[in-house]
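The next block holds one structure in the form of C-alpha cells; read it before the comments.
The values are calculated or read from the model by the stated rules, or taken from the named source; none is laboratory data. Because the structure is predicted, anything quoted here is derived from the model rather than measured. No Cβ is skipped: glycine too gets one built from the backbone with ideal geometry, and neighbour counts run over all protein chains shown.
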Amino acid sequence: MDYKKDNLILDLTFNFSLEIVKYTEQLEGLKKYNLSNQLFRSGTSKGANVHESQNVESKADFIHKLKISAKEAEETKYWLKICQNSSNYTDCKHLLLQIESINKVLGKIISSSKTNSQTYAQ
C-alpha cells in the first residue's frame, strides 16, 4: 500500500485483507464455501471501514467507523477460531495473530480518540 504513508492501522488492515483473500481462496479450494464467504466479508470489511474513517465529517463519525471495524475484527476472529478448531481446514494461526494486533491498535485509537474528544469538549 502506498497512497497513505505512515498509517499503521491502514497498513495492517489492508495487508490483512490481502491475506484473507488468499486464505478464503484456499478454503474455496477445499469446498468450504459457506465459511469462506463469511470470513471474506468480515475479514475485508474492517479494512474498508478503517479506510472510510480517513474521510469522515466529525470525530464522532471517525470513532463510529473504527468501532464498526472493531466489531468486524471480533467477528473475523470468531470465524478464524472456527477454522482453527475444525478438522480439514487450512492452518490460520498467522491470521489469528494478525487480528489480535489489529484489535489492539484499533482499541488504542478508539480509546485515545474518545479521550481527545472529551478533552476538547470541556
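Checking each residue of segment 78-87 against the condition of being surrounded by 18 or more Cβ atoms within 10 Å (Cβ to Cβ), outside any helix (DSSP H, G or I) and either among the hydroxyl-bearing types (Ser, Thr, Tyr) or modelled with pLDDT of 95 or more (or both) gives no match.
Contact map, segment 18-39: first residue at pLDDT 95 or above, second residue assigned to a loop (DSSP other than H, G, I, E, B) and surrounded by fewer than 20 Cβ atoms within 10 Å (Cβ to Cβ), Cβ cut-off under 6 Å, separation 6 or more or different chains; pairs are Gln26/Thr90.
State whether one or more residues within segment 111-122 are under 23 Å from Lys22 (Cβ atoms), touching a residue at least 12 places away in the same chain (Cβ under 8 Å) and either in a helix (DSSP H, G or I) or within 18 Å of the chain's Cα centre (by Cα) (or both). No, the conditions are met nowhere in segment 111-122.
Determine, yes or no, whether Leu95 is of a type in the set (A, V, I, L, M), part of a helix (DSSP H, G or I), within 25 Å of Gly29 (Cβ to Cβ) and touching a residue at least 40 places away in the same chain (Cβ under 8 Å). Yes: the conditions hold for Leu95. The residues of segment 20-51 that are of a type in the set (D, E, K, R) and surrounded by fewer than 16 Cβ atoms within 10 Å (Cβ to Cβ), listed by number, are Lys22, Glu25, Glu28, Lys31, Arg41.
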